[in-house]
Amino acid sequence: MPFKIIASQCSGCSACELECPNVAISEKGGTFVIDPKKCTECIGHFDEPQCVAVCPVDNTCVVDTSLPRYQARA
Amino acid sequence: MDVSALDEASLAGSAVDIGETMQAIAEHKGCGASGGSGKASCGSQAGQGDLPTEIWEKVKNHPCYSEEAHHHYARMHVAVAPACNIQCNYCNRKFDCANESRPGVVSEKLTPEQAAKKVLAVASTVPQMTVLGIAGPGDPLANPKKTFKTFELVAKAAPDIKLCLSTNGLMLPDHVDTIARFKIDHVTITINMVHPEIGAKIYPWIFYNHKRHTGLEAAKILNDRQLQGLEMLTERGVLCKINSVMIPGINDQHLVEVNKAVKSRGAFLHNIMPLISAPEHGTVFGLNGQRAPTAQELKALQDACEGEMNMMRHCRQCRADAVGLLGEDRSAEFTTEKVMAMDVNYDLQMRKAYQAKVEEERVVKVAAEQEELAELASEMSDIKLLVAVATKGTGLINEHFGHAKEFQVYELSTTGAKFVGHRRVDHYCRGGYGQEESLATIIRAINDCHAVFVAKIGGCPKSNLLKAGIEPVDQYAHEFIEKSAIAWFKSYLAKVQSGEIQHVERGEAAIRQGALISAA
């Protein structure tokens with residue numbers, strides 16, 4: 001399950017874009033979106049998802065439960 | 001906090017002594033009545049004073065680093081740095097930082113290229129604009145690529161413009177060498193505490209080394225990095241200003257200790273700002289009812305710290321996209337749309353000629369003040385009082401009472417006229433409705449003043465001010481502020497001595513909490 005950004009809460013500050021190790025985050029109409037194909041939940045990079053850790057608005061970067069979990073390649 | 005104790009201490013330290021007075025005059029007006037041997041300099045007041053020439057050159061036309069310069073020179077901020085790496089309880093990132101940018105309005109985000117074009121457009125239109133700062137709306141060093149790219153472009157196109165930045169300090173040690181390389185002469189660090197126990201009440205978390213840290217750990221990392229960054233900058237000769245937000249009951253008394261800590265690490269200027277906190281800003285402090293300090297509490301704390309180092313009292317807590325003199329906001333003239341449509345011709349000679357004229361005016365102004373002050377030196381009186389001044393800048397009493405967006409506050413004593421703050425007010429003269437209420441707002445804002453100096457004032461507000469015990473003074477219209485204030489003070493002392501009037505202390509004044517919305 002990759003992460004997604006709840007657009008109505010996004011302040012558009014770009015902090016997540018700067019931290020994402022996968023360059024999965026980009027601006028779209030003033031707020032930011034995560035490309036689910038690129039998101040690895042930061043597994044293999046960091047202990048915690050960077051977008052969640054840096055986001056100034058709580059519960060804005062959340063797990064997208066409609067998609068399957070990211071599988072790290074062996 | 002026991003403000004009265006602080007106030008008494010600062011008053012006791014500045015009892016009038018005629019020898020001291022003469023000394024102060026001989027030294028061409030120091031940084032205020034309280035003097036103090038430990039001070040780095042006198043950069044926040046009138047002339048060069050005891051500042052080394054090399055530092056004076058850096059601050060003399062920087063409106064934020066020199067109180068005197070802020071009457072004459074303008075600054076601009078470009079909002080190229082939206083991301084932040086810490087969370088403060090006085091900030092709501094849905095808007096800009098409520099305390100270091102005006103709350104309630106979001107800055108227009110710019111790319112470095114747009115920002116550089118905007119700087120050139122403003123510099124060509126406003127020749128007194130001498131300083132470009134990057135202050136957010138997030139933290140400049142959380143957006144290092146955009147921040148330094150902007151500085152690079154501006155340095156290339158407009159080499160006469162001074163560069164400065166304002167940071168929370170978390171990433172500062174990593175960028176000190178880049179800052180020095182880009183010749184960024186001025187760096188402001190916001191330091192609200194030097195004890196993690198206090199920091200934990202102000203900062204819920206920080207993002208550092210790819211991790212979110214909370215509580216005492218977060219505050220400790222932040223403070224260590226801030227102080228380390230400060231030391232590294234002062235070692236490299238970069239002038240550092242420290243901003244502190246005064247939060248009653250949390251860090252108000254503690255800021256005296258912060259003041260000592262930053263002074264010992266070579267900070268040049270300390271700017272203690274009042275917390276801006278209202279529920280509608282949606283900040284933690286706004287929502288939990290944390291109150292802001294009164295104007296008296298703020299001044300008492302600034303006075304208590306002043307013996308240690310220079311205090312900045314002319315900060316307007318401006319937005320991350322502010323343009324103009326401090327206290328004025330011309331950002332609406334320079335929206336991205338307007339700037340991109342402008343045909344900009346950067347004329348360095350024109351700017352230099354204009355600034356040379358400003359310097360001539362400053363010399364005349366200081367000479368006029370000195371002349372008036374020389375006579376005051378023979379007066380003996382313990383009276384110390386505040387007056388409010390309506391000004392559009394350039395050091396003159398040149399604003400109509402009803403048009404003033406703010407009043408500058410001067411403390412008068414036999415040592416002279418000292419700038420001690422400013423009070424924002426709504427436009428009173430909007431015509432038609434709500435005048436009574438606006439006038440009441442102004443009176444609340446300057447209620448601690450004995451007089452208000454204006455270029456012009458109508459009959460109705462005049463009588464209401466008199467009823468409130470504030471003397472409206474329009475006889476010095478379009479004259480120099482300090483010279484006029486000292487002249488008025490001399491006649492006030494004469495009247496007190498002759499028994500014509502009785503000197504009484506004034507009450508408290510309120511710091512206005514609303515947002516400065518318009519640039520009208």
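Scanning the range B:356-396 for residues being on the phi > 0 side of the Ramachandran plot and of a type in the set (S, T, N, Q) gives a total of 1.
When you go through B:170, B:153, B:163 one by one, which is the residue that is touching a helix residue (DSSP H, G or I) at 6+ places or on another chain (Cβ under 7 Å) and over 30 Å from residue B:192 (Cα atoms)?
Of the residues listed, the single one that is touching a helix residue (DSSP H, G or I) at 6+ places or on another chain (Cβ under 7 Å) and over 30 Å from residue B:192 (Cα atoms) is B:153.
State which residue is surrounded by the fewest Cβ atoms within 10 Å (Cβ to Cβ) when the search covers only the range B:186-216 and only residues that are within 14 Å of chain A (Cβ to nearest Cβ) and without any contact (Cβ under 8 Å) to a residue 40 or more places away in the chain.
Within the range B:186-216, the first condition is being within 14 Å of chain A (Cβ to nearest Cβ), and the residues that meet it are B:203-214.
Pick out the ones that are also without any contact (Cβ under 8 Å) to a residue 40 or more places away in the chain and you get B:209-214.
Details: B:209: 8, B:210: 15, B:211: 15, B:212: 18, B:213: 19, B:214: 13.
Top of the filtered list is B:209.
So that you can scan it fast, the table gives a plain yes or no per residue for (1) crowded, with 24+ Cβ neighbours inside 10 Å; (2) hydrophobic (A, V, I, L, M, F, W, C); (3) within 15 Å of residue B:190 (Cα to Cα):
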site	(1), (2), (3)
B:238	no, yes, no
B:261	no, yes, yes
B:268	yes, yes, yes
B:273	no, yes, yes
B:282	no, no, no
B:287	no, yes, no
B:290	no, no, no
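State whether one or more residues within the range B:357-374 are modelled with pLDDT of 80 or more, under 30 Å from residue B:124 (Cβ atoms), in a helix (DSSP H, G or I) and more than 25 Å from the chain's Cα centre (by Cα).
No, the range B:357-374 has no match at all.
Looking at the range B:240-251, is at least one residue under 20 Å from residue B:183 (Cα atoms), surrounded by fewer than 17 Cβ atoms within 10 Å (Cβ to Cβ) and either within 14 Å of chain A (Cβ to nearest Cβ) or in contact (Cβ under 8 Å) with a residue 60 or more places away in the chain (or both)? No, that holds for no residue.
Every residue, every condition in (1) more than 30 Å from residue B:444 (Cα to Cα); (2) in contact with a Leu (Cβ under 9 Å, 6 or more places away or on another chain), yes or no:
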| site | (1), (2) |
| --- | --- |
| B:201 | yes, no |
| B:214 | yes, no |
| B:229 | yes, yes |
| B:234 | yes, no |
| B:243 | no, no |
| B:264 | yes, no |
| B:294 | no, no |
| B:302 | no, no |
| B:307 | no, no |
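If the condition is being under 27 Å from residue B:90 (Cβ atoms) and away from chain B (no Cβ under 14 Å), then the range A:60-74 contributes only A:62. A search for C-beta distances below 6 Å between a residue of the range B:125-146 that is within 12 Å of chain A (Cβ to nearest Cβ) and any residue that is of a type in the set (Val, Ile, Thr) and assigned to a loop (DSSP other than H, G, I, E, B), counting only pairs 6+ apart in sequence or on different chains, returns B:146/B:80.
If I filter the range B:110-149 down to residues being in a loop (DSSP other than H, G, I, E, B) and either in contact with a strand residue (DSSP E or B) (Cβ under 8 Å, 6 or more places away or on another chain) or of a type in the set (Phe, Trp, Tyr) (or both), which single residue comes out as farthest from residue B:394 (Cα to Cα)? Quick ask: steps written out before the conclusion?
Of the range B:110-149, the ones in a loop (DSSP other than H, G, I, E, B) are B:110-111, B:126-128, B:135-136, B:138-139, B:143.
Next, only the ones that are either in contact with a strand residue (DSSP E or B) (Cβ under 8 Å, 6 or more places away or on another chain) or of a type in the set (Phe, Trp, Tyr) (or both) stay: B:126, B:128, B:135-136, B:138-139, B:143.
Numbers: B:126: 14, B:128: 11, B:135: 25, B:136: 28, B:138: 32, B:139: 32, B:143: 35 Å.
Checking each candidate, the answer is B:143.
Checked against (1) out of contact with any helix residue (DSSP H, G or I) (no Cβ under 7 Å at 6 or more places or on another chain); (2) within 14 Å of chain B (Cβ to nearest Cβ); (3) touching a residue at least 24 places away in the same chain (Cβ under 8 Å); (4) surrounded by 13 or more Cβ atoms within 10 Å (Cβ to Cβ), residue A:50 meets all criteria but (1). Every condition in (1) under 25 Å from residue B:146 (Cβ atoms); (2) within 14 Å of chain B (Cβ to nearest Cβ); (3) in contact (Cβ under 8 Å) with a residue 24 or more places away in the chain holds for residue A:43 except the one numbered (1). Scan the range B:63-77 for residues that are touching a residue at least 60 places away in the same chain (Cβ under 8 Å), within 15 Å of residue B:315 (Cβ to Cβ) and touching a helix residue (DSSP H, G or I) at 6+ places or on another chain (Cβ under 6 Å) and the total you get is 2.
At least 2 residues that are closer than 23 Å to residue B:315 by Cα in each: list the strands (runs of 3 or more DSSP E) lying fully within the range B:180-275 that qualify.
Numbers: elements: B:186-190, B:205-208, B:211-214, B:239-246, B:269-274.
Those strands (runs of 3 or more DSSP E) span B:186-190, B:239-246, B:269-274.
When the range B:276-299 is limited to residues that are part of a helix (DSSP H, G or I) and in contact with a Pro (Cβ under 9 Å, 6 or more places away or on another chain), the one that is farthest from residue B:201 (Cα to Cα) turns out to be B:295. Filter the range B:217-226 down to residues that are surrounded by fewer than 21 Cβ atoms within 10 Å (Cβ to Cβ) and in contact (Cβ under 8 Å) with a residue 24 or more places away in the chain and give me whichever is farthest from the other protein chains (Cβ to nearest Cβ). Once the filter is applied, the top-ranked residue is B:220. Taken residue by residue, the range A:10-28 has no member that is facing chain B (nearest Cβ under 10 Å) and β-branched (Val, Ile, Thr). So for the range B:334-341 (the condition being more than 19 Å from the chain's Cα centre (by Cα), assigned to a loop (DSSP other than H, G, I, E, B) and of a type outside the set (Phe, Trp, Tyr)), does at least one residue qualify? Among the residues of the range B:334-341, at least one is more than 19 Å from the chain's Cα centre (by Cα), assigned to a loop (DSSP other than H, G, I, E, B) and of a type outside the set (Phe, Trp, Tyr), which makes the answer yes.
Residues being surrounded by fewer than 17 Cβ atoms within 10 Å (Cβ to Cβ) and either modelled with pLDDT of 90 or more or on the phi > 0 side of the Ramachandran plot (or both): count how many of those fall in the range B:451-461.
Of the range B:451-461, the ones surrounded by fewer than 17 Cβ atoms within 10 Å (Cβ to Cβ) are B:456, B:458-460.
The next check asks that each one be either modelled with pLDDT of 90 or more or on the phi > 0 side of the Ramachandran plot (or both); those that pass are B:456.
Within the range B:451-461, residues that are surrounded by fewer than 17 Cβ atoms within 10 Å (Cβ to Cβ) and either modelled with pLDDT of 90 or more or on the phi > 0 side of the Ramachandran plot (or both) number 1.
Here is the figure for the range B:150-172: residues that are assigned to a helix (DSSP H, G or I) and either within 14 Å of chain A (Cβ to nearest Cβ) or closer than 22 Å to residue B:245 by Cβ (or both) total 1.
The number of residues in the range B:394-425 being of a type in the set (A, V, I, L, M) and closer than 12 Å to residue B:453 by Cα comes to 4. Between a residue in the range B:351-364 that is under 15 Å from residue B:60 (Cα atoms) and any residue that is in a helix (DSSP H, G or I), which pairs come within a Cβ distance under 9 Å, given they are 6 or more apart or on different chains? Sorted first by the residue in the range B:351-364, then by its partner, the pairs are B:362/B:69; B:362/B:71. Listed conditions (1) more than 8 Å from the chain's Cα centre (by Cα); (2) closer than 17 Å to residue B:82 by Cα; (3) surrounded by 14 or more Cβ atoms within 10 Å (Cβ to Cβ); (4) more than 11 Å from chain B (Cβ to nearest Cβ) are all met by residue A:33, apart from (1).
The values are calculated or read from the model by the stated rules, or taken from the named source; none is laboratory data. What you see is a predicted model, and the numbers here were worked out from it, not measured in a lab. In this analysis, Cβ positions are derived from the backbone assuming ideal geometry, glycine residues included, and neighbour counts consider all displayed protein chains.
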